[in-house]
Every structure is written in C-alpha cells, then in structure tokens.
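Novice: Sharing a structure, written as structure tokens. Questions coming.
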Amino acid sequence: MGNGWDKIFAPDVVTISVSLNDMSGIYIHIPFCRKACTYCNFHFSTNLIRRSEMLDCILAELEQRCDFLEEKTVRSIYLGGGTPSVLGERELERLFSKIYDLFEVDADSEITLESNPDDLNRDYLKMLSETPVNRLSIGIQCLDEEYLRWMNRSHNLHQAISSVENALELGFNKLTADLIFGLPHRKSADLLSDLEQFKNWGLRHFSAYALTVEPKTVLDHQIKTGKMQPLHEEASAQQFELLMGWAENNQYEQYEISNFAKNGCRAVHNSSYWKGLKYLGCGPSAHSFDGEKRYWNISNNALYMKSIENGQLPLEMENLSPKDRYNEYVLTGLRLIEGISLERALELYPGAEKELKSTVEYFLKLGYMKIRDGGNYALSRQGKLMADYISSEMMVVE
Ligand code: SF4
C-alpha cells in the first residue's frame, strides 16, 4: 500500500470527544458480486465494469452527506454489499482517504470488510493488512463443496478454508464467518462439524442464518417451477435449536438471534443498529438513520449514479411516528439477549399498554419469554424458534 495510508493513520486525525456508546457509524454499500447466489435478494450487480464510476459516485455522496451525522467522530465503518472484497488496493485507498478526510475516526474503531473467500488470497490479505480494515466478515456459508456449488457461491471448499487460515496467519484476529443452516437434506452432523471447525480456528464471532426463500431469487423460481421441493421448515428449526445448544455448550453468547460471540467480542457496528444509534449509509440501497428519520437510497446502480452525477441525492425518507418507533424497538429488542423493557416500549407508544402487557403475559405462560435480571423481557430458547411470530403479535399494526 502506498503513502496514502501513512496520511490516513496520522494520529492527529483522531479526537475522542464523546462517549464511545454515543458514536455513530458509516456503512458503505458496494453493489457488486462475482456471481449471484441462488438464495440472495440483496442489492448487487454481477456486471463489475462500472465499478470505478460507482466508487466516484459513492465518494461524491459521502461528501454531500458528511454533515448528516452531527457528531463527526465515528466508531465503526462497515463495507458491506454485495461483495466489498471485489475492491482493489487503489479503490480502497480512495474510499478510506475520503472517509478519513471527512470524518474523525476514533482510534479504536471497528472497521469491517465483508468478503468472499475466493478474494482472500495471501496477496489480497497482505494488502488489506496495510489498510485501516481491522475486522473481516467472511462469507463461508458452509464447509461442503456440494452445497457451495448448489448455492452458486463464487468460492469452493478449499478457498473457504484457506481464506480463514491465511487471514489468521496474517494477523487478522477479528474474524467473523457467516453460516447458513436449513440447507435441504443437509445432515445436522455436518452443520455441527462446520461449527466445530469455526471453534478450532478460534473464531470469536459468527453469524448463522436459516436458508429462506426470498421473492424473485433463483431459489424462489426453482421452487415455483417444481425444480426444487419447498424448504422443510421443521428441519430448519431443529437445526437452529441444535446450533443454539452447541453455542451455549461452547461459550458462544447468542447476543442477537443470528449472532454469536465469545469473550464479549460482539460486533460494534451491527450492535449500533440494534441500539438505535445514528449511522450514515452511502451507496445504492444503503439505509441511514439520524435518530428520528430513516433514509434509504435507490436500489438501482444506474439510477443511483445518474442521480449523483446530476447533483441529487437518490434517497427517500420516512419520519418515524411513535408507533413506528415502538414497533422497531419491539422487533429489534426481542432479537437481543437484553430483551425489551416494558417501560421503554410504553414510553415510545403508551397506547400499546393493555395489549402489550397481556401478550407478554401470554408468552411468559407458554414459556416462550422469560424475565431477565433487571426486569427486561427476552425470548427463551423455545421463543427464539418463533421470534417472527412473537414480535408480530406484539407490534401495533392498525
Ligand atoms: S456474495 Fe453475498 S451479496 Fe453477493 S449474491 Fe452471494 S449472498 Fe448475495
């Protein structure tokens, strides 16, 4: 990496002026992937040709919106997508130079790059180790050649293994891996064997998601046209239960329904979403939150670039009503180990009192919720298996 990084790391760019807990985050959406995974409905294009123009536009958006966060000190930067590891050295240098010019980045910031194993060869990792990136999120998904092919992942089993081993060898000690469970006919023993491998690598964080059928995906089409059997939800729930048990036995704290951490190594950036902290999101389809309003950018690469080039921000905004804030609090709070405080929920929307108290009572009796020390209400292990249903029962819809 060239001299650009020396400038970025100059100590005088760092000012600690507010409590770490209040600091905001920056999310950058890199809307490109080498291949389209069959189950994925995130926003991305497999046409990488206009990557450089896209980066110009993202940098321009960052400039236009640098006052979005009142507090200029950021505590986390997250490059997500898409596949940010398609970015090369020069592109990363341009992106970080812009961010460090516009914002004060706290010295202890968590700076994450989402990556696919096929990009993480030793040369790329060496280059990354000289950038501000200090945490890698690796899209492993499963350690099984056949299923990786079935999902149309861009990596193979060998790359999955070598990406983690190389990253560890080159000093990346903040690693997290994504895992998919509920893959059709995949044996639970194989899922457990993947988890054992994560533990043996010494990973202190992983995220686990059930395979779901999202509209307009290849998987959706395959099921609708009879090329694939519908997914077996019960088998998926059984694997989730198994996974939660394994995590508990192996000292991984399930601090969020899909996220597991050892020794307190929770994800700073994602935790800030769940805590309702402010964040700025740039790039097509990126979302932002200023404490009161939500904003989301258009999910179309060509229209996003055209709008930025014309000097217009390609975003829509929603002012959150007290009911929206209550619903968001319940939805995200129930996913967290800390659960929800009834007082806080009712402060946000007092009109929900009668309904909320009787619904909580009902789920407590069924054993789907539990009362935590301190009085918050959280999902029990059984409750986590039907988290969507429980939160929808507690949300205010009319
Ligand atoms: S690499 Fe990630 S973002 Fe890209 S298609 Fe696959 S799952 Fe979706």
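Laboratory data are not the source of any read-out in this text; all were calculated from the coordinates shown. From a predicted model like this one, the values you see are computed outputs, not experimental measurements. Because the Cβ atoms are built from the backbone with ideal geometry, glycine has one as well, and the counts that use them run over all protein chains shown.
Novice: Quick check: pseudo-label points 7 Å beyond the Cα along Cα→Cβ at R325 and D67, how many nm apart are they?
Specialist: Those two pseudo-labels are separated by 2.4 nm.
Novice: For K98, list the lysines whose Cα falls under 19 Å from its own Cα; do not include residues on the same chain fewer than 8 positions away.
Specialist: Within the straight-line cut-off, K98 pairs with K7, K72.
Novice: Hey, another quick one. I want to check the label-to-label distance for S97 and L364. Put each point 7 Å from Cα in the C-beta direction and report it in nm to one decimal.
Specialist: 5.9
Novice: Mean projection of the alpha-carbon convex hull of region 134-230 over all orientations, in nm²?
Specialist: Its Cα hull, projected and averaged over all orientations, spans 6.6 nm².
Novice: 5 Å is the cut-off here: which amide hydrogens, built 1.01 Å from N in the peptide plane, fall below it relative to M369, excluding neighbours closer than 5 in sequence?
Specialist: L364, S380
Novice: Additional query: Can you list residues from other chains, or at least 5 along the same chain, whose modelled amide H is less than 5 Å from the amide H of I140?
Specialist: D178
Novice: In whole Hz, what ³J(HN,Hα) sequence does region 296-302 give by Karplus (6.51, -1.76, 1.60; θ = phi - 60°), x for Gly and Pro?
Specialist: So the Karplus estimates, Gly and Pro as x, are 9, 7, 4, 9, 8, 4, 5 Hz.
Novice: Mind jotting down the three principal axis lengths of region 20-138 based on Cα atoms? Whole angstrom, largest first.
Specialist: Here the spans come out as 39, 29, 28 Å, largest first.
Novice: From Cα pairs below 8 angstrom and at least 6 apart in sequence, can you work out the relative contact order of region 4-274, rounded to a whole percent?
Specialist: 18
Novice: Hey, another quick one. Say the cut-off is 31 Å between C-alpha atoms; which of K35/K275; K293/K365; K174/K278; K174/K365; K199/K275; K199/K227 go over it?
Specialist: In this structure, K35/K275; K293/K365; K174/K365; K199/K227 lie more than 31 Å apart at Cα.
Novice: So who's got an amide H within less than 5 Å of the one on S24, skipping anything under 5 residues away but keeping other chains? H placed 1.01 Å off N, in plane.
Specialist: Counting only residues 5 or more places away or on other chains, the set is R75.
Novice: So how much slack lies between V218 and D373, counting 0.36 nm per residue of separation and subtracting their Cα-Cα distance, in nm?
Specialist: Gain in length upon complete extension: 51.3 nm.
Novice: Quick check on the chain: helices-only [θ] at 222 nm, where DSSP H runs of length 4 and up contribute -39,500 (n - 2.57) each and the sum goes over total residues. Nearest 500, please.
Specialist: Mean residue ellipticity, 222 nm, calculated: -11500 deg cm²/dmol.
Novice: Can you give the alpha-carbon Rg of the chain over 2.2 N^0.38 Å, where N counts its residues?
Specialist: Cα-based Rg divided by the globular estimate yields 1.00.
Novice: Can you divide the C-alpha Rg of region 338-398 by 2.2 N^0.38 Å and report the result to two decimal places?
Specialist: Region 338-398 yields a ratio of 1.05.
Novice: For H158 and Q238, what does the FRET efficiency come to when R0 = 41 Å and r is the distance between their Cβ atoms, rounded to the nearest 0.05?
Specialist: With R0 = 41 Å, the Cβ-Cβ based efficiency is 0.85.
Novice: Mind checking the full-extension length gain between R294 and I49? Use 0.36 nm per residue of separation minus the Cα-Cα distance, one decimal, nm.
Specialist: In short, 85.1 nm is gained.
Novice: Using the Karplus curve 6.51 cos²θ - 1.76 cosθ + 1.60 with θ = phi - 60°, work out ³J(HN,Hα) for each residue of region 212-224 in order, rounded to whole Hz, and write x for Gly and Pro.
Specialist: Karplus values, whole Hz, x for Gly and Pro: 10, 9, 8, x, 6, 9, 4, 4, 4, 5, 4, 6, 5.
Novice: Mind sorting K275, K262 by how few other Cβ atoms lie within 10 Å of their own Cβ, fewest first?
Specialist: Lowest to highest Cβ neighbour count: K275, K262.
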